[in-house]
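The values are calculated or read from the model by the stated rules, or taken from the named source; none is laboratory data. Remember, predicted model here, so these are calculated numbers, not experimental data. All Cβ positions, glycine included, derive from the backbone under ideal geometry; neighbour counts span all protein chains shown.
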Amino acid sequence: MTLAFGLTAVAAWAGDGAKGGLVVQGNTTFRLWGVYVPGPDQVCEDGWPAGQSAAELLARLTKGHAVVCDSKGDGRDNPRPAVCKVGGKDLAEEMVRAGMAWARLSDGTAYVVPEADALSQILGVHGHMCRNVRQQAPYRGP
């Protein structure tokens, strides 16, 4: 299912801060598929505001542009995972390439190379002692 949005697409965050990288239009909220984006209040160990920086980049990438999202999965997830593009550019890839998100390996390997590029250039989260707190599963014991 592909949905196109007008010029009012905005970056937004889940209320609990557990998920970042959401694109919201009207009553539909999409999670950028394939990536983990720092939560809105996430600050890295060196004091860099990763969540705020990621939100600002996503807002710049979408402001004044039509956002086209192609849903992934069966549509039962909320927010709905989707590959979202602006002018043909994949927003998740742009976020990862800028060091503002990590590849989500549970969704596949689509963003591993862009993340390696950002890591090699020590960009964003890779240059500020940031931890991907959402990728780590809680310890369940033996």
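If you scan segment 69-88, which residues turn out to be surrounded by fewer than 13 Cβ atoms within 10 Å (Cβ to Cβ) and either without any contact (Cβ under 8 Å) to a residue 60 or more places away in the chain or more than 16 Å from THR28 (Cβ to Cβ) (or both)? Result: GLY73, ASP74, ARG76, ASN78, GLY87, GLY88. Taken together, the criteria exclude PRO114 from residues that are in contact (Cβ under 8 Å) with a residue 60 or more places away in the chain and more than 17 Å from ALA50 (Cα to Cα). Does segment 104-121 contain at least one residue that is among the hydrophobic types (A, V, I, L, M, F, W, C), under 17 Å from GLY21 (Cβ atoms) and not in a helix (DSSP H, G or I)? Within segment 104-121, one or more residues are among the hydrophobic types (A, V, I, L, M, F, W, C), under 17 Å from GLY21 (Cβ atoms) and not in a helix (DSSP H, G or I).
Considered as a group, the residues in segment 27-55 that are more than 14 Å from the chain's Cα centre (by Cα) and β-branched (Val, Ile, Thr) include one that is farthest from CYS130 (Cα to Cα), and that residue is THR28.
Among the residues of segment 92-142, just one is modelled with pLDDT of 95 or more, more than 9 Å from VAL35 (Cβ to Cβ) and touching a strand residue (DSSP E or B) at 6+ places or on another chain (Cβ under 6 Å), namely VAL112.
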